[in-house]
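First comes the structure, then the notes that go with it.
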Amino acid sequence: MIFLFTDFGAADLYVGQVKAVLGAHAPRAPVIDLLHDAPPFNIKAGAHLLAALAARIPPGSVTLAVVDPGVGGPRGEVAVLADGRWFVGPDNGLISVTAARAGRADVHGIGWKPRSLSASFHGRDLFAPVAAMLAGGRRRTAKLEKRARLSVNLGPADVDEIIYVDHYGNLMTGMRAAAVPPHRNLALRGRRIAHARVFAAAAPGQLFWYANSLGLVEVAANGASAQRLLRANPGDRVG
């Protein structure tokens, strides 16, 4: 299976082009969309979202991960084998949190290059073909080169800020909920926010925080948009 994680936008024209390449190079591999609305240009937020999703990606699969504001610049290209799962994308920190939290992570530079490479769309022209090669068991074709480490490493630590806002207006943070006691009140945009186990435990319209289905701290409101109530966005700090 090939999983896609990008900031390309689900309604834009980029995802279809990537899937066309995957279909041409790995026609038998199912392609599954993890997320195409990662916060644009935000490598740190994307890295923590990807790490939260990685545990639910099955071993033996390949994830094409692209949040790449430096495309066409000096950043490198990598394929990381983390706990039996391949992650292909730019060496800009996006894959680094997943790698840092893995029990084992082997880093490889990508030696293969396409005959034609757009300066602005490596996701289509370089990363998609390499992901297809790995999904099809053609590792040698990808010309992987073992490396000691990633060039950019954000490390395994949590980030105490918003990393994603869903269409309900729920505010997902980069804090793993197992490390935050339920009695703790969180501070966000000048408000103190108490814990509730589920939405139904809060009054209608009430702000609360809870452990979401990915195991992250999320700030929400029962039947309302926490983003609108707080005017909060990715990057806002949670204390």
Most mobile of 89, 190, 169 per a Gaussian network model of the chain (Cα springs, under 10 Å)? 190
Bin width 10 Å, origin at 0, all Cα-Cα pairs of the chain: what percent of pairs per bin? 8, 32, 32, 19, 9, 1
If Lys and Arg each add +1 and Asp and Glu each add -1, what is the summed charge of the other residues whose beta carbon sits under 10 Å from the beta carbon of residue 18? +1
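May I ask for the Rg/Rh ratio of region 93-171, computed from Cα atoms with Rh as the Kirkwood radius, given to two decimals? Don't skip to the answer; put the middle values down first.
Details: Rg = 16.0 Å, Rh = 15.1 Å.
With Rg and the Kirkwood Rh in hand, the quotient comes to 1.06.
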Debye sum, Cα scatterers, region 1-121, no solvent: what log₁₀ I/I(0) at q = 0.09, 0.14 1/Å? -0.22, -0.56
What length, rounded to one decimal in nm, is gained on full extension from residue 203 through to residue 32, with 0.36 nm per residue of separation minus their alpha-carbon distance? 57.9 nm
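What FRET efficiency, computed as 1/(1 + (r/R0)^6) with R0 = 25 Å and r the Cβ-Cβ distance, is obtained for residue 146 and residue 113, rounded to the nearest 0.05?
On the way: r = 18 Å, r/R0 = 0.72.
E between residue 146 and residue 113, to the nearest 0.05, is 0.90.
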How long is region 130-230 along each principal axis, judged by its Cα atoms, biggest number first, in Å? 57, 25, 21
Under 5 Å between amide hydrogens, which residues at least 5 positions from residue 3 or on another chain qualify, with H placed 1.01 Å from N in the peptide plane? 32, 62, 63, 64
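List the trypsin sites (Lys or Arg not before Pro) within region 103-178 that DSSP assigns to loop and that have no more than 12 neighbouring Cβ atoms inside 10 Å.
On the way: sites: 104, 115, 124, 138, 139, 140, 143, 146, 147, 149, 176; in loops: 104, 115, 138, 143, 149.
Loop-located and lightly packed - 104, 115, 149.
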From the convex hull of the Cα coordinates of region 7-56, what is the mean projected area in square nanometres? 4.0
Report the local net charge at residue 40: Lys and Arg +1, Asp and Glu -1, summed over other residues whose C-beta lies under 15 Å from its C-beta. -3
Those residues of region 88-128 whose amide nitrogen sits under 18 Å from the label point placed on residue 139, 7 Å along Cα→Cβ: 88-89, 99, 103-112
Candidates 174, 93, 205, ranked by Gaussian network fluctuation over the chain, Cα under 10 Å, top entry: 205
Please figure out what share of the DSSP beta bridges in the chain is antiparallel and state it in percent, rounded to the nearest 5. 70
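Where a number appears in this text, it was derived from the coordinates with a stated rule and is not lab data. Since the model is a prediction, treat every value here as computed from it, not as a measurement. Cβ coordinates were reconstructed from backbone atoms using ideal geometry, including for glycine residues, and neighbour counts include every protein chain displayed.
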